[in-house]
Amino acid sequence: MTPRHIALALLVVLIWGLNFVVIHEGLAGMPPLLFVAIRFACILPIMAFVPRPQVAWRDLALVGLLMSAGQFGFLYSAMAAGLASGLASLILQAQALFTVVIAAAVLGERPRPIQLMGMGIAVGGLFVVALGRSGATPLVGVLLCLAGALSWGAGNVASRRCAGASGLGLTVWGSLFVPLPMLVLSLLIEGPGAVGDALRHFGGAAIASTAYTVILASLVGYTIWNGLMGIYPASNVAPFTLLVPVVGFLAGWVFLGERPNAAAFVGGALLLVGVAVIVLGPRALTRLGARRQSSKRSSVTPSAP
């Protein structure tokens with residue numbers, strides 16, 4: 001990758017990593033499910049400028065409900081329950097673990113041994129985080145965030161039916177299926193009174209957070225990301241996402257004063273290592289095998305006539 005494209009990839013990492021702090025600030029005084037509904041309702045006008053992906057409506061609805069409504073509904077609820085933004089950015093990466101498990105169950109894709117090893121490391125990291133959490137880390141927040149990761153992982157598998165469609169197109173058009181279900185759930189769970197009060201007092205922090213998540217995290221982030229994915233192999237671009245929780249963790253520390261305990265550090269590191277093994281391990285083994293085969297062929301010299 002050229003230095004310019006590496007810089008663009010790192011810009012996306014920065015935007016997506018800071019997104020967790022921005023969400024945290026916007027949630028102040030806002031019911032989480034209502035906030036998700038507002039966020040994706042604001043994405044809908046972008047449909048006028050982004051072509052609809054040429055996929056079946058049912059597949060588009062499934063991706064929207066799982067990757068957008070489910071993931072962010074649970075994530076916002078977890079953070080509203082008191083889960084620190086940095087820790088949320090790490091736990092959400094369990095989506096890689098869930099993606100492998102769901103793909104094995106639904107698509108019959110057998111995970112490779114190195115992926116099983118990575119899954120074991122990731123699960124161990126989650127246990128360390130859950131068992132070593134302090135009173136400032138509510139168990140319900142951890143579980144809600146894991147539910148968001150599960151929904152994201154299921155959305156990853158569902159998106160297999162949309163192969164070739166741009167991530168931006170899926171995000172924008174999948175948003176069509178998010179606001180109404182989230183608003184109904186907000187009215188049922190959070191209550192009409194809380195919804196009405198939040199809408200009457202929709203202040204500067206909520207507006208700024210919504211603008212950031214819609215314009216920067218969704219529109220700018222996916223536009224750059226899809227452009228890079230169109231130029232380089234996914235194996236060159238995708239690993240940059242492993243830096244997102246690192247930025248999210250550091251941003252929560254710097255901007256919000258979040259001070260995770262040792263268990264959060266150790267468990268988060270194990271989770272991230274496990275995810276890295278799941279994502280990068282098969283590619284690394286494939287390259288290693290190719291190098292060995294090439295070395296064997298080059299070592300066999302033809303005999304002289």
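A single entry from 116, 97 fulfils the requirement of being under 27 Å from residue 81 (Cα atoms) and among the aliphatic types (A, V, I, L, M): 97. Within the range 64-80, restricting attention to residues that are open to solvent by 40 Å² or more (accessible area, probe 1.4 Å) and touching a residue at least 60 places away in the same chain (Cβ under 8 Å), the residue that is nearest to the chain's Cα centre (by Cα) is 67.
Among the residues of the range 194-203, is any under 19 Å from the mean Cα position of the chain (by Cα) and either under 23 Å from residue 79 (Cβ atoms) or in contact (Cβ under 8 Å) with a residue 40 or more places away in the chain (or both)? No: zero hits.
Within the range 158-169, can one find any residue that is of a type outside the set (A, V, I, L, M) and farther than 21 Å from residue 51 by Cα?
no
Which numbered condition trips up residue 229, out of (1) over 27 Å from residue 273 (Cβ atoms); (2) modelled with pLDDT under 90; (3) among the hydrophobic types (A, V, I, L, M, F, W, C)? Checking residue 229 against (1) over 27 Å from residue 273 (Cβ atoms); (2) modelled with pLDDT under 90; (3) among the hydrophobic types (A, V, I, L, M, F, W, C), the one that fails is (1).
Condition check ((1) without any contact (Cβ under 8 Å) to a residue 40 or more places away in the chain; (2) in contact with a Phe, Trp or Tyr (Cβ under 6 Å, 6 or more places away or on another chain)) across all residues:
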site: 3; (1), (2): yes, no
site: 26; (1), (2): no, no
site: 52; (1), (2): no, yes
site: 56; (1), (2): no, no
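Listed by position, the helices (runs of 4 or more DSSP H) inside the range 111-175 whose residues that are open to solvent by 50 Å² or more (accessible area, probe 1.4 Å) number at least 1 are 113-131, 139-158.
Specify which of the listed residues (86, 29) is at pLDDT below 95, more than 21 Å from residue 229 (Cα to Cα), in contact with a His (Cβ under 8 Å, 6 or more places away or on another chain) and not acidic (Asp, Glu). Break it down stepwise before answering.
Details: 86 fails: in contact with a His (Cβ under 8 Å, 6 or more places away or on another chain).
Selected residue: 29, the only one of 86, 29 that is at pLDDT below 95, more than 21 Å from residue 229 (Cα to Cα), in contact with a His (Cβ under 8 Å, 6 or more places away or on another chain) and not acidic (Asp, Glu).
With respect to the conditions (1) open to solvent by 40 Å² or more (accessible area, probe 1.4 Å); (2) part of a helix (DSSP H, G or I); (3) modelled with pLDDT under 90, residue 45 lacks only one, and its number is (3). Determine if the range 272-289 includes at least one residue that is at pLDDT 85 or above, under 21 Å from residue 153 (Cα atoms), open to solvent by 40 Å² or more (accessible area, probe 1.4 Å) and in a helix (DSSP H, G or I). Looking through the range 272-289, at least one residue is at pLDDT 85 or above, under 21 Å from residue 153 (Cα atoms), open to solvent by 40 Å² or more (accessible area, probe 1.4 Å) and in a helix (DSSP H, G or I).
Every residue, every condition in (1) surrounded by fewer than 15 Cβ atoms within 10 Å (Cβ to Cβ); (2) basic (Lys, Arg); (3) touching a Leu at 6+ places or on another chain (Cβ under 9 Å); (4) modelled with pLDDT of 90 or more, yes or no:
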{"residue": "196", "(1), (2), (3), (4)": "yes, no, no, yes"}
{"residue": "207", "(1), (2), (3), (4)": "yes, no, no, yes"}
{"residue": "214", "(1), (2), (3), (4)": "no, no, no, yes"}
{"residue": "247", "(1), (2), (3), (4)": "no, no, yes, yes"}
{"residue": "262", "(1), (2), (3), (4)": "yes, no, no, no"}
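If you go through the range 50-77 and pick out every residue that is in a loop (DSSP other than H, G, I, E, B) and either at pLDDT 95 or above or in contact with a Leu (Cβ under 9 Å, 6 or more places away or on another chain) (or both), you end up with 4.
Table: residues versus (1) hydrophobic (A, V, I, L, M, F, W, C); (2) not in a helix (DSSP H, G or I).
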site: 185; (1), (2): yes, no
site: 197; (1), (2): no, no
site: 208; (1), (2): yes, no
site: 211; (1), (2): yes, no
site: 259; (1), (2): no, yes
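Quick one: would you say residue 93 is of a type outside the set (A, V, I, L, M) and either on the phi > 0 side of the Ramachandran plot or under 16 Å from the mean Cα position of the chain (by Cα) (or both)? Yes; evaluated as a whole, the condition is true for this residue. Restricting to the range 8-33, and then to whatever is in a helix (DSSP H, G or I) and open to solvent by 60 Å² or more (accessible area, probe 1.4 Å), can you tell me which residue is nearest to residue 240 (Cα to Cα)? Top of the filtered list is 10.
The values are calculated or read from the model by the stated rules, or taken from the named source; none is laboratory data. All of these numbers come straight from a predicted model, not from anything done at the bench. Virtual Cβ from ideal backbone geometry, glycine too; neighbours counted across all protein chains shown. Heavy atoms of the whole protein, side chains included, go into the accessibility calculation; ligands, DNA and RNA do not. Shrake-Rupley method; radii C 1.70, N 1.55, O 1.52, S 1.80 Å.
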